[in-house]
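Note sheet for the following structure.
The values are calculated or read from the model by the stated rules, or taken from the named source; none is laboratory data. Fair warning: this is a prediction, and the values are worked out from it, not measured in the lab. Please note: Cβ atoms are built from the backbone with ideal geometry, for glycine as well, and neighbour counts cover all protein chains shown.
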Amino acid sequence: MKSFRDILFYSILLIPSILCAQKSDVVYSGLFTSGSSEKFPLYTATAPTLSKYVADQLQKLQSDGSLQFNLQFETNSEMDKWDIQDPFSLGFLITRDDITSETFRNQLSSGELVTNVKNIAKVGLVVFAYQTVARDKKRNIVYTAQFLGYDSLITGDAALTGEAKEKFFMDTFCKLFHEKAVPKIKSFGVGTIIGAVSEYRNAGNKAIISVGSLDGVEVGHRVSFGDSKTSTAPFGTVQKVDANSAEVSVTFFDAPPIKGDKVSLRNLRGLSSDIYQVTNFTVTSKKADSLFTEEKYAVGEDIAQYFTDFLATEKGKVVLPARTGSWITGSVEQAEALLVRDGQSFSFAMPKPTHPITLTLTGMGNKIAEQNSINIITGFKGWLQCDIPTKTYTKETDISLVKRSVTNVQQYKDFDVYKDLLFQLTKKSVGEFDL
């Protein structure tokens with residue numbers, strides 16, 4: 001049974017850190033990209049401005065007491081962190097920075113036929129926290145929240161270029177950061193869980209500790225024994241968790257821990273034991289297969305990112321970045337992310353999703369519903385299937401769009417309509433998500 005002092009300590013952990021006398025330190029690591037700078041021309045061109053914007057916003061959040069931790073801006077050197085005792089760091093990841101354009105023609109009342117261009121910006125942003133573990137020489141991602149910024153701008157008869165294009169990208173990024181990233185940053189904090197060794201088993205080097213899931217312990221948590229500041233102190237990883245205890249796999253150098261030894265765990269509040277991730281995307285529709293012959297990969301990336309964003313923001317689920325592209329490697333169980341900052345690559349260990357998701361584009365099609373000397377009415381339809389085996393969940397969603405145009409006056413591309421349909425289809429699929 002815990003003493004009154006222990007109960008009081010654990011109760012304090014449930015209070016937001018901003019009410020506590022001392023906040024835990026978190027190191028700010030800056031902005032990364034999920035690939036080389038050549039893949040992110042808009043971000044690369046605007047990186048100095050955006051880096052300053054993000055740092056200024058974080059400084060403001062810290063100064064007005066909005067953060068549940070003490071953000072350190074002194075260094076963003078990854079090498080320096082090997083000399084600190086398993087620090088937590090906060091970073092931001094750019095996963096896309098593309099601006100595309102659609103052209104359409106309309107006839108004015110004067111009879112003049114004019115061309116307009118719709119510029120569409122898509123910005124992928126991931127807030128992530130990681131722990132640098134010197135003994136294991138690993139950077140373990142322990143928290144992620146992915147968002148997708150989407151905005152459009154109508155210009156004249158030409159698409160945005162140069163500085164105007166860069167400004168549109170920056171405006172979209174800043175709006176996304178302010179509206180979605182900032183609330184998420186405010187919602188989590190770093191806490192410390194204190195307990196003791198209840199039993200040590202020599203067979204298998206296992207320790208049973210006196211804190212469990214009710215105290216915030218989760219599988220995978222790193223455990224420090226005794227004086228964790230010494231290089232030879234035992235340490236371990238939580239393997240199994242019960243309500244009031246946990247089993248830890250122990251590594252030691254001089255001597256194993258003994259009954260009664262102090263244990264401590266640092267945990268990031270705001271996590272969940274249910275972690276989702278889009279791990280696979282396939283196309284079984286012959287129409288889609290022919291329509292997106294050269295852009296099938298991009299279509300998969302779009303749908304996966306839309307789904308991830310909607311699942312996190314509209315359903316409140318904890319969702320890892322989708323496994324699209326080559327920046328996440330390895331198996332689902334032992335995945336690694338290769339992130340780039342200032343031209344240098346860093347490897348991060350990704351947590352294993354408890355609920356992998358497979359998305360399948362099962363159908364697409366269009367049909368002219370009505371055509372006469374005045375109007376052309378065309379119907380477009382798409383089907384998307386979501387499979388989550390761990391939840392025994394399978395659901396196919398369909399959506400229809402109607403496009404009306406004036407005969408011989410208004411023109412559009414079917415391909416552009418299908419891209420909008422995919423956005424709406426994915427949003428509806430998540431809207432029907434009932435788990």
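The table below lists the values:
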quantity: Filtered residue count, the stretch 380-407, keeping only those that are more than 21 Å from THR284 (Cβ to Cβ) and small (Gly, Ala, Ser); calculated: 1
quantity: Identity of the residue in the stretch 376-395, polar (S, T, N, Q) and either closer than 20 Å to PHE415 by Cα or not in a strand (DSSP E or B) (or both), that ends up farthest from the chain's Cα centre (by Cα); calculated: THR378
quantity: Residues being modelled with pLDDT of 85 or more and under 11 Å from the mean Cα position of the chain (by Cα) - total across the stretch 313-341; calculated: 4
quantity: One residue from SER66, SER29, SER51 being at pLDDT 90 or above and part of a helix (DSSP H, G or I); calculated: SER51
quantity: Tabulated pairs, the stretch 145-167, first under 21 Å from ARG105 (Cα atoms), second hydroxyl-bearing (Ser, Thr, Tyr) and loosely packed, with under 13 Cβ neighbours inside 10 Å, C-beta under 7 angstrom, 6+ apart or interchain; calculated: ASP157/THR115
quantity: Yes/no for ASP151 being closer than 27 Å to VAL318 by Cβ, surrounded by fewer than 18 Cβ atoms within 10 Å (Cβ to Cβ), modelled with pLDDT of 85 or more and of a type in the set (D, E, K, R); calculated: yes
quantity: In the stretch 196-214, the residues that are crowded, with 19+ Cβ neighbours inside 10 Å and out of contact with any Pro (no Cβ under 8 Å at 6 or more places or on another chain); calculated: ILE209, VAL211, GLY212
quantity: Residues satisfying the stated conditions in the stretch 303-336, i.e. part of a helix (DSSP H, G or I), over 19 Å from ALA121 (Cβ atoms) and either in contact with a Gly (Cβ under 9 Å, 6 or more places away or on another chain) or not aromatic (Phe, Trp, Tyr) (or both); calculated: LEU311, ALA312
quantity: Pair list, Cβ under 6 Å, 6 or more apart: the stretch 313-331 residue closer than 14 Å to THR279 by Cα, other residue at pLDDT 85 or above and among the charged types (D, E, K, R); calculated: THR329/GLU336; GLY330/GLU336
quantity: Test: residue in the stretch 122-135 that is surrounded by fewer than 17 Cβ atoms within 10 Å (Cβ to Cβ) and out of contact with any Leu (no Cβ under 7 Å at 6 or more places or on another chain); calculated: yes
quantity: Out of ILE357, ILE399, sole residue that is assigned by TED's automatic domain parsing to the domain that holds ASP289, aliphatic (A, V, I, L, M) and touching a Gly at 6+ places or on another chain (Cβ under 7 Å); calculated: ILE399
